[in-house]
Amino acid sequence: MDDRRPRLPSVRRFAPEEGSHGSSSAPGAPREADESGVEESGAQAPALGTPARDEADTTTGAGETPSPEELRSRLRLVEAGPPDPAGTADPADPADPAGSVGSAASSDAAGQASGEPGSWKAERASRWSARISRFWGFMEGGSAHTNFWLVLGSTLALTAIGLTMVLSSSSVDAFGESGSSFTLFTRQAMWAVGGLLGMLVISRLPDRSLGLLGWVLMILSGILLALVVFTPLGHEVNGSRNWIRIGSIGGQPSELAKLALVLWGAAVLTRKGRLVRRFVHWAMPLVLPGTLSILLLVLLGGDLGTSLIILLMVGTLLFTVGVSWRYFVVTAASAVIAVLLLAWTSANRLFRIQAWLGMNCDHASDPCHQSQQGIYALATGGFWGVGLGQSRQKWHYIPEVENDFILTVLGEELGLLGTLVVLLLFGALIVGIFRIAANSDDRFARLACMGIAAWLVGQAFINIGMVTGLLPVIGVPLPFISYGGSALTCALLAVGVVLNFAHRRRRQERAQDPADPREAAPADVATSAEGPAPAPSAPARAPRGAPPSVSLPTAHRQRPARIRLGAGDDRKKADTP
């Protein structure tokens, strides 16, 4: 007969004495502890004779089957390990499941109930808050030097791409009309050179000159718009009378009016100060008579697209200055009603809206032809494009291909990759403008930057939506890319205004930085009775973060370097060795 006793898998008992069979069971008897699932938990029982085991076995007889509650209590003792003889264990210590699990559960429940950071909702909210903070930190970050070149570099890249695409898209039509494929490209290049020179001049103007320039441009653009509408100098193109032609020179005064409204509106709102939050002060003279007079002249010429851009610009100025939301709701509702009435009362606009909805594509004039061919061009380009200059749709398939629909040729020749590059350049330009506005302490600079950003972003969004079929065709060019000398020049002048603010910020940072060698140049030469000291062979300035033991050249140690402070800083100048 086998003397071995079956034992519980996780609850071990003292071995019976030799010859004791009072509690033995037959081999192969079912193991009751397997049903309790203790063995599956993987817990290891302590060795025989441990104090935990002795204490557990005193509660139950050696031959009795322990209840589930006793098994659970023994399992806790097994997982907890041997007791702490010194009594220094912390009840909330992770080694004590009886104390820690309960306290963790209670604290979790309390955290979820009260919304403390320990709850999952608060953690998710904190993660989203951290992401938003990082995003705004990126949007508002960057030094003045970085933001300056971010705006200038993206502008020059967009202008270069635009000139290239104008040459490619207009070469066929220009050769058929004038016998040269470079006719329209030459005109656009001349306007681009003039715009770049104007951008350079505006970027170096004094601070107060920009406000005065806004008043001058406001008066000039009003006069030119009146000449377009009420005199024979106005020239009508595709149902819109928004061109003026004097001899061989022509342009769109409405493009100049955009720049004038931004500078003039920013100057007026800046001069108002805190009074601008009142209805009378922000409405007059910015909205009435300034914006409404320009808007009325543009609408009389039949240019609905430019009217939408003007509304967006003025709305952005008022939003930036802090006008109440209720005025925006009323103004937006009024603008929607006005646009619907203008579209309904104009046969040309209503015809375009019906073509966008696909209601009159079977008309004899085929109003859906331009949009359909534009979609075909984008689809033909694929991801890589068919190659620069290899477009098929520019061969008289798409009307006005070098103007409003130049993005279709760009997508066909350069593919989706080239289109994404253009979009990224626009994004870089807007990020740079926003950073300059956020880092500026001048209210006029912030307002002007935000107005220019709304102008460029709104115009690009409407043009891209128009080409891809998301919006009806309303004749809005793509900034820096589409053919049009006045539009390109005014856009470059607007970027020059932004660069003026960035350059001013660069001068302020340079003046506040004592380590800038250009600001410390007048004090770089030490003088003595014998004359100026010889130039040191080693660099005159110690590297930043260098320990005090670093030896410096004699000439640098002998002269005191005077810190030059920024404008408006009322602190006393300090001398540093």
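The values are calculated or read from the model by the stated rules, or taken from the named source; none is laboratory data. Quick caveat: nothing in here was measured; it's all calculated off a predicted structure. With ideal geometry, Cβ positions are generated from the backbone for all residues, glycine too; neighbour counts draw on all protein chains shown. The accessibility values were calculated without ligands, DNA or RNA, using every heavy atom of the protein model including side chains. Shrake-Rupley method; radii C 1.70, N 1.55, O 1.52, S 1.80 Å.
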Inset, instruction - For residues that are loosely packed, with under 13 Cβ neighbours inside 10 Å and of a type in the set (A, V, I, L, M, F, W, C), scanning just the range 253-283, find the one that is farthest from Ser307 (Cα to Cα). - result: Leu275
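Yes or no, residue by residue, for (1) crowded, with 24+ Cβ neighbours inside 10 Å; (2) under 21 Å from Val166 (Cβ atoms); (3) touching a helix residue (DSSP H, G or I) at 6+ places or on another chain (Cβ under 7 Å); (4) not β-branched (Val, Ile, Thr):
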| residue | (1), (2), (3), (4) |
| --- | --- |
| Ala428 | no, no, yes, yes |
| Val431 | no, no, yes, no |
| Ile436 | yes, no, yes, no |
| Arg446 | no, no, yes, yes |
| Met450 | no, no, yes, yes |
Inset, instruction - Could you please find all residues in the range 196-218 being open to solvent by 20 Å² or more (accessible area, probe 1.4 Å) and either modelled with pLDDT under 90 or within 16 Å of Ala502 (Cα to Cα) (or both)? - result: Leu200, Val201, Arg204, Leu205, Pro206, Asp207, Arg208, Ser209
Inset, instruction - Could you tell me which numbered condition Val386 fails, if it satisfies all but one of (1) in contact with a Ser or Thr (Cβ under 7 Å, 6 or more places away or on another chain); (2) open to solvent by less than 30 Å² (accessible area, probe 1.4 Å)? - result: (2)
Inset, instruction - Quick one: Gln354 ticks every box in (1) at positive phi; (2) open to solvent by 30 Å² or more (accessible area, probe 1.4 Å); (3) of a type outside the set (A, V, I, L, M, F, W, C) except a single one, so which number is it? - result: (1)
Inset, instruction - Scan the range 508-518 and give yes if some residue there is of a type in the set (Lys, Arg), in contact (Cβ under 8 Å) with a residue 60 or more places away in the chain and either open to solvent by 10 Å² or more (accessible area, probe 1.4 Å) or in a helix (DSSP H, G or I) (or both), otherwise no. - result: no
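To keep it simple, each residue is scored yes or no on (1) more than 18 Å from Ala260 (Cα to Cα); (2) exposed (fewer than 13 other Cβ atoms within 10 Å of the Cβ).
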residue	(1), (2)
Leu308	no, no
Leu312	no, no
Leu318	no, no
Arg326	yes, yes
Val330	yes, yes
Arg349	yes, no
Inset, instruction - Kindly list the number of the only condition in (1) touching a residue at least 24 places away in the same chain (Cβ under 8 Å); (2) more than 21 Å from Ala437 (Cβ to Cβ); (3) part of a helix (DSSP H, G or I) that fails for Gly265. - result: (2)
Inset, instruction - Being more than 17 Å from Gly484 (Cα to Cα) and modelled with pLDDT under 85 narrows it down to one of Ser180, Ser154, Ser119, so name that one. - result: Ser119
Inset, instruction - Please work out which one of (1) more than 22 Å from Asn238 (Cβ to Cβ); (2) over 28 Å from the mean Cα position of the chain (by Cα); (3) basic (Lys, Arg) is the condition Arg352 fails and give its number. - result: (1)
Legend entry - Residue among Ser181, Ser170 that alone is assigned to a loop (DSSP other than H, G, I, E, B) and under 23 Å from Thr489 (Cα atoms): Ser181
Legend entry - Positions within the range 395-409 being modelled with pLDDT under 90 and either in a helix (DSSP H, G or I) or open to solvent by less than 10 Å² (accessible area, probe 1.4 Å) (or both), in sequence order: Ile398, Val401
Inset, instruction - Give just the number: which of (1) over 30 Å from the mean Cα position of the chain (by Cα); (2) in contact (Cβ under 8 Å) with a residue 24 or more places away in the chain does Gly305 not satisfy? - result: (1)
Inset, instruction - Evaluate the following for Asn242: is it farther than 21 Å from Thr291 by Cβ and in contact (Cβ under 8 Å) with a residue 24 or more places away in the chain? - result: no
Inset, instruction - Within the range 162-175, identify whether any single residue is open to solvent by less than 80 Å² (accessible area, probe 1.4 Å), modelled with pLDDT under 85 and not charged (D, E, K, R), and answer yes or no. - result: no
Inset, instruction - State whether the residues of the range 369-385 include one that is of a type in the set (Ser, Thr, Tyr) and closer than 15 Å to Met466 by Cβ. - result: yes
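Which of the following residues is outside any helix (DSSP H, G or I) and surrounded by fewer than 23 Cβ atoms within 10 Å (Cβ to Cβ): Gly475, Gly458? Spell out how you get there, then give the answer.
On the way: Gly458 fails: outside any helix (DSSP H, G or I).
None of the other options fit; the residue is Gly475.
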Inset, instruction - Considering only the range 461-472, state which residues are open to solvent by less than 30 Å² (accessible area, probe 1.4 Å), assigned to a helix (DSSP H, G or I) and touching a residue at least 24 places away in the same chain (Cβ under 8 Å). - result: Ile462, Asn463, Met466, Val467
Inset, instruction - Kindly indicate whether any position in the range 410-423 is crowded, with 20+ Cβ neighbours inside 10 Å and in contact with a Lys or Arg (Cβ under 8 Å, 6 or more places away or on another chain). - result: yes
Legend entry - Criterion: over 18 Å from Gly469 (Cα atoms), in contact (Cβ under 8 Å) with a residue 12 or more places away in the chain and outside any helix (DSSP H, G or I) - qualifying residue of Arg435, Arg392: Arg392
Legend entry - Qualifying residue in the range 184-195 (condition: closer than 30 Å to Arg352 by Cα, in a helix (DSSP H, G or I) and open to solvent by less than 40 Å² (accessible area, probe 1.4 Å)): yes
